1. Which order results if Asp242, Asp61 are arranged by neighbouring Cβ count within 10 Å, fewest first?
2. Thinking of segment 1-58 as a set of Cα atoms, what percent of all their pairs are more than 13 Å apart?
3. With an 8 Å cut-off on Cα pairs and a minimum separation of 6 or more residues, tell me the relative contact order of the chain in percent.
4. Which order results if Thr12, Thr182, Thr213 are arranged by neighbouring Cβ count within 10 Å, fewest first?
5. Can you tell which of Val219, Gln96, Val59 lies farthest toward the positive end of the dipole of the chain, using +1 and -1 charges on the Cβ of basic and acidic side chains (Lys, Arg; Asp, Glu)?
6. Add -39500 (n - 2.57) for each DSSP H run of 4 or more in the chain, then divide by its residues: what number comes out at 222 nm, to the nearest 500 deg cm²/dmol?
7. Starting from the Cα of Arg69, step 7 Å along the direction of its Cβ; do the same at Arg197; then give the gap between the two resulting points in nm.
8. Report the longest stretch of the chain that contains none of the GluC sites (Glu not before Pro) sitting in a DSSP loop with at most 12 other Cβ atoms within 10 Å.
Amino acid sequence: MALLALGLNHKTAPLSVRERVTFGPDIIVGALRSVTQQPGVEEAIILSTCNRTELYCAVKDAGPEEISRWMSEFHGLELETLSPYLYNHEDRKSVQHLLNVACGLDSMVLGEPQILGQVKQAYQTAADAASTGKLLGRLFQHTFSVAKQVRTDTAIGHSPVSIAFAAVSLARQIFSDLTEQTALLIGAGETIELAARHLHQHGVGRIIVANRTLERAHVLANQFEGYAISLTEIPSHLSEADIVISSTASPLPVLGKGTVESALKKRKHQPVFMVDIAVPRDIETEVRDLNDVYLYTVDDLQGVVEENMRSRQEAAEQAGEIVELHTEEFMGWLRSLDAAGMIQDYRRQAEKMRNDVLKRAQRQLRKGTPPEEVLSFLAHTLTNKLLHTPSTRIRQAGFEGQLELLEAANTLFQIKDSNGGK
């Protein structure tokens with residue numbers, strides 16, 4: 001069985017493409033069942049975030065072409081539209097890629113910690129959907145262990161750099177003093193929670209949390225002395241917000257141009273800073289055209305992110321060495337699976353020989369043959385049977401000058417020099 005990783009990310013595809021191939025919570029289980037029903041696909045895990053959509057598969061007689069075709073058909077896209085943005089990695093490179101992703105080495109924000117939680121959630125979703133098995137299960141558990149080691153042994157996570165941190169940093173550049181500002185946070189996931197934490201640490205005047213589930217909004221708002229509302233209440237409160245940060249899993253925009261225009265009128269055109277971290281986008285693109293609105297998407301934050309990631313470069317090099325080491329470790333385990341089957345077959349063959357000779361020896365005992373004679377027969381016959389095929393093949397290799405096979409036999413059987421015993 002082979003390993004395959006296929007997908008696109010912020011490096012290979014613009015936001016307008018990435019948002020067309022996301023797997024939201026409402027469709028991901030169906031997608032996992034669909035892809036594992038494809039010929040040759042034995043196991044599958046889907047990782048879908050604002051910056052990447054990736055499939056990790058254990059396959060037999062299936063390759064990148066089949067997975068790419070499934071992905072485009074599932075999302076109703078022409079393969080020609082999607083394929084220029086896709087990358088694929090097989091076997092060792094797929095392992096290395098996953099380790100890099102989980103350790104934050106492939107993120108827009110180098111070393112950002114959120115991705116590991118997203119990888120864990122992707123694995124759990126696949127496990128619950130019964131779309132993963134021995135191979136991907138071992139790979140992802142190995143990945144979690146390596147990511148933990150990287151966090152422990154390097155300084156890659158020491159600087160508070162993330163998309164949420166970048167958004168708040170940009171807000172601080174626009175509003176030098178956040179104590180007089182009101183922030184409206186749309187969503188209640190990890191990114192929004194991080195944004196709320198950063199805003200609170202920098203003394204933002206007021207936080208409003210809007211979420212589809214009001215109870216979840218209350219839980220988050222209470223942590224930061226904020227105020228909770230439902231998504232339907234946003235139009236009534238939008239005019240209060242100087243800062244808007246949105247990150248939901250909604251397949252459609254939650255904030256339209258008309259709603260923003262109405263809020264601007266109530267604000268008497270005081271500027272509003274908006275960050276749309278969601279993929280697909282939460283805020284209609286046309287909002288960018290409005291006066292007094294500064295709208296940024298995840299792609300726009302790249303410049304801010306680059307400033308904050310310089311301190312992580314040295315740690316990233318150390319992390320890369322750890323990833324390289326553990327990639328090879330996993331590939332060693334993977335290669336051992338092939339040997340395991342051969343060992344089992346060889347043991348079964350040897351056990352059959354043993355049983356055949358043992359039955360013959362037992363018959364001799366029942367006939368009254370002396371035990372010493374039977375033991376000698378058993379040892380001699382079993383030794384000859386076990387050594388016959390290897391001896392014949394080694395003799396043939398010597399006759400034909402197959403030096404590599406002779407050297408392999410010497411390594412395999414640990415044959416010592418009969419003269420020196422070394």
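All of the numbers you see were taken from the coordinates with simple rules; none came from a lab. Since we're looking at a predicted model, the values are computed, not measured. Cβ sites come from the backbone with ideal geometry, for glycine too, and all protein chains shown count toward neighbours.
1. Asp61, Asp242
2. 60 percent
3. Rounded, it is 14 percent for the chain.
4. Thr213, Thr12, Thr182
5. Going by the Cα projections, it comes out as Val59.
6. Values: 16 runs with 224 residues, N = 422.
About -17000 deg cm²/dmol.
7. 4.5 nm
8. Segment 226-422 is the longest.
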